[in-house]
1. Per DSSP H run of at least 4 residues, take -39500 (n - 2.57); add these up for the chain, divide by its residues and hand me the 222 nm value, nearest 500 deg cm²/dmol.
2. Sequence gap at least 6, Cα distance under 8 Å: using those rules, report the relative contact order of the stretch 3-196 to the nearest whole percent.
3. I'd like to know which of Ala179, Leu117, Val189 lies farthest towards the positive end of the charge dipole of the chain, counting +1 on Cβ of Lys and Arg and -1 on Cβ of Asp and Glu.
4. Could you work out the Rg to Rh ratio of the stretch 118-197, with Rh taken as the Kirkwood radius (inverse of the mean 1/r over all Cα pairs)?
5. Which of rounded, prolate or oblate describes the stretch 84-148 when judged by the alpha-carbon gyration tensor and an a/c cut-off of 1.5?
6. By Kyte-Doolittle mean hydropathy of at least 1.0 and Cα axial length of at least 15 Å, which whole DSSP H helices of the chain are selected?
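Laboratory data are not the source of any read-out in this text; all were calculated from the coordinates shown. All figures in this text were calculated on a predicted structure; none of them were measured in a lab. Note that we place each Cβ from the backbone using ideal geometry, even for glycine, and neighbour counts take in every protein chain shown.
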Amino acid sequence: MSILRLLAEGFESALLPCSLILLLPGAAVGLTARAAAIPAFTSFGVGVLALSWLRFSDRGGGFSPFFIAVALMVATILLLTPLISRLDVAAIPAGLLAGGAAAELWRPCVGDEYGLLLNELPERGLSGLALQAVYLVGVLSPLIALGALHHLVPDRILVKLEPIWAVVGGAGLALLSLATAVELHDDLVGKLFEWSV
């Protein structure tokens with residue numbers, strides 16, 4: 001298995017609708033976290049990696065839609081309310097929860113390299129986790145670009161935009177949580193997958 005081809009396949013997958021179930025909640029987490037976007041994006045990526053590896057390697061995962069919806073709602077509340085006075089601290093558990101929840105909903109578009117990895121993942125152990133991380137760097141690359149872009153925007157503009165971003169991001173997470181709670185997520189994920197093939 002070629003690491004470069006796996007990474008390239010991840011980048012290619014980031015352009016397909018099936019990856020939106022990861023990218024939209026990830027963007028919502030970063031936007032809602034405002035100044036703490038980088039810790040939020042990072043912890044979101046770790047959450048996606050951990051839960052997708054557990055799920056696809058048959059080591060865990062498989063949470064109910066209710067549990068996934070609760071995780072998304074808790075992440076939203078952590079980011080939108082002043083329960084924790086420091087948003088950079090709240091962004092870490094919120095990102096982990098949202099990333100894990102998104103990984104549970106994700107139905108990846110599988111190319112040759114990633115398909116091979118998925119078949120071997122249960123036997124690979126920690127090397128499988130590392131290869132899953134390589135693939136996800138490609139898939140989540142738009143979030144990496146969004147985090148970099150966040151730092152390029154001048155502070156005077158950020159101060160005006162961040163409250164709007166927080167409302168839009170929080171609303172997106174809350175809507176995904178509600179859609180999952182009423183079990184509309186299967187239709188949504190199925191349509192995204194359909195549009196990708």
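1. Rounded to the nearest 500, it is -26500 deg cm²/dmol.
2. Answer for the stretch 3-196 is 41 percent.
3. Ala179
4. 1.10
5. In terms of gyration-tensor shape, prolate.
6. 20-33, 37-56, 65-80, 87-105, 126-139, 141-152, 155-181
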